[in-house]
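A short worksheet on the structure shown next.
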Amino acid sequence: MRLVLSLTLMLCIGVGLFSFAQPADANAALRPLASYPAQGSGATGRVISARSNPAVLLYLLPGEQRWNAGLGQFSSYLELGPAGRLGRLAQDLEQDLAAVQFLLDQDLNALDDGPSRAALTQLARWDQQCQRFLDEQDSSLVVSCLQGATAEIEQNLILSLEEGGRFQAGFFVDVPGFPVIGRWHPWVAWSLGLSVQGQAAGRFYGDRLRGRGALEISHRGETLLSIAPQLSAETLSLTFIEFQRLSWQYANDPLSLVDPSTGAWSAEAGFLQQTLALLAQAPEGEAPLLTPNEVLQLEQLTRRLSDPSDPLFMAALRGELDFDPEALLVTHSSITTQVAELLHLYAGVSVDASAWFDWPQSWGQLDLGLRVNSYALRLSPNLVSLNGVALSQGAEQVVDRVTGELRAQQEQQWLLGVDLGLLWQDYPWQVGVTLFNVNQPTARYPRLSSFTDEQDKEAVDYLTRLDRLMDRQAYRLDRHAVLEVTFFAFEPDWVLRGHYSLDAADNLVGWSERSYGLAMSWQTQQAWVPGVRLGWRRNQVGSRLDTLHLGIDFAANFQLDLATSYQTFEFDRWRIPRYFSLGLSFEKLF
């Protein structure tokens, strides 16, 4: 099963992000990679432009027109990470980890059955020792096979998934009748808008593979040792796996570990004692693997097994010790998800400053705008560790868990934001500047550690210590400016437009945007002939995607917009665009 990609796609559906979504917000904090070309500062005179530059309101009410209102606006978008073979990588990771864990559960001295050979064949592409074992049936090669395979899985699968295993998606629904704009005075216009929005993002955090060993040694019901160390994959391969292999051998044939000429432990059996000692030593720079009490148990047991005068020494030679070893391959690799639901209410005002101050007409017209935004937010984070959870369940069950916990882990907040705008017009030119989020409000998610279970909390604590993740994530709606230049060519039929974001900004789920782009539109004077808009846009930060945009205007009141990236990724032999958006809008002039 293509676990990571399946989670990515199903999570988008599970949190309801493919219903209806958002049109042309130039505010990157609310809507990255807007899907409406050539509409920004009112270049086509559409009412949806009221959501971009607040100074555009008078332009949207030409002549004696007093009202303009939207009848419904819907759009959605989906963006995926850059992994070239994301589905294949996810499938390989799940299958390879399952093969390693299967071998850890077997008697490493008897791996000649069909399932064991299938698991070794699965890993043979990573390490030649696995293939050598299949050819030579030398059980000592299994340790090298697992050591090499886990190292290659880390480098070639987990790191690749971390680079490309992420997504974002969003939806927007404008309440019918909004936005509405009206004229107070020949020089003053106002706007009012109400919408529901949603954003979601998911990311795969890769981590090294580790071994979690559980070992109990007893003699006639007396527990001599009980430890549960967590080891690096290398330490697991060099020590615990070898100990497990020898313990299986001891359980099946204790005398095979005895030198018949001396009656003492053979050189191979001496590795049991060496392994016990090594388990007490943490790799440099890592926390101690064992507690002080476990270290004391190890020292006492190692000393007794080395002393021929100790009765336990002879009992061990007679096969009277009971070994119960278990090795589990674990990782703090995790899938994080964040969902932001938003009720957006805004009110704006635009003033013709040139008429107010009686400037000469030769200077053109200068409009100034102010918009106040009220955001009612509901924020939901989640983290699911692959530490035994995602690998033991199907993608559908994991998605059910994620979406269920997202609904339970919500925190409501209220934010207030301010936008400023300027629009200068001198036909055939139009120049607009918008400053979004002047006061930079900040949204804070609930703490991940407050909701996750013990396995997931371990991953949260670990990733937080490494500064790769924040327990309580906060996203500031960054102040950023957008410059737009429009040229009306060949009367009003052709419009050319370019925009440039002067600053980078994050949205509510942490994806960054700082874009520039070009667009052109053609509008006919015949109502039955649809208008066409074409555009290109590049994100300079974050995903760094290039997107192509197509817009069609029908009967002057209905618009259809599509956008897609020409960068793709491969999934199951299909090439799929990394970004896609769809938008519909209706409006009415009064």
With charges set only on the Cβ (+1 for Lys and Arg, -1 for Asp and Glu), what does the dipole of the range 476-578 come to about its Cα centre, in debye to the nearest 20? 300
What FRET efficiency comes out for TRP574 versus ASP493 if R0 is 35 angstrom and r is the Cβ-Cβ distance? Round to the nearest 0.05. 0.30
Roughly how many percent of the accessible protein surface of the range 426-521 is carbon and sulfur, given a 1.4 Å probe and a whole-percent answer? 54
Where the only charges are on Cβ atoms (+1 Lys, Arg; -1 Asp, Glu), what is the dipole of the range 449-488 about its Cα centre, to the nearest 20 debye? 280
For the range 479-518, the per residue accessible area (1.4 Å probe, Å²) is 42
ALA214 and VAL532 label points (each 7 Å along its Cα→Cβ direction) are spaced in nm at 6.7
Expressed as a percent, the accessible surface of the range 299-359 that is carbon or sulfur, using a 1.4 Å probe and the full set of protein chains, is 56
Sort the following peptides by mean Cβ neighbour count (other Cβ atoms within 10 Å, averaged over residues), highest first: 497-510, 319-332. 497-510, 319-332
Charge context of LEU518, other residues only, Cβ under 14 angstrom, K/R +1, D/E -1: +2
Per residue, how much accessible area does the range 290-376 have with a 1.4 Å probe, in Å²? 48
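The values are calculated or read from the model by the stated rules, or taken from the named source; none is laboratory data. This structure is a prediction, so every number in the text was calculated from the model and none was measured. Ideal geometry is used to build each Cβ from the backbone, glycine not excepted, and the neighbour counts take in all protein chains shown. Protein only, heavy atoms only, side chains kept; ligands, DNA and RNA dropped before computing areas. Shrake-Rupley method; radii C 1.70, N 1.55, O 1.52, S 1.80 Å.
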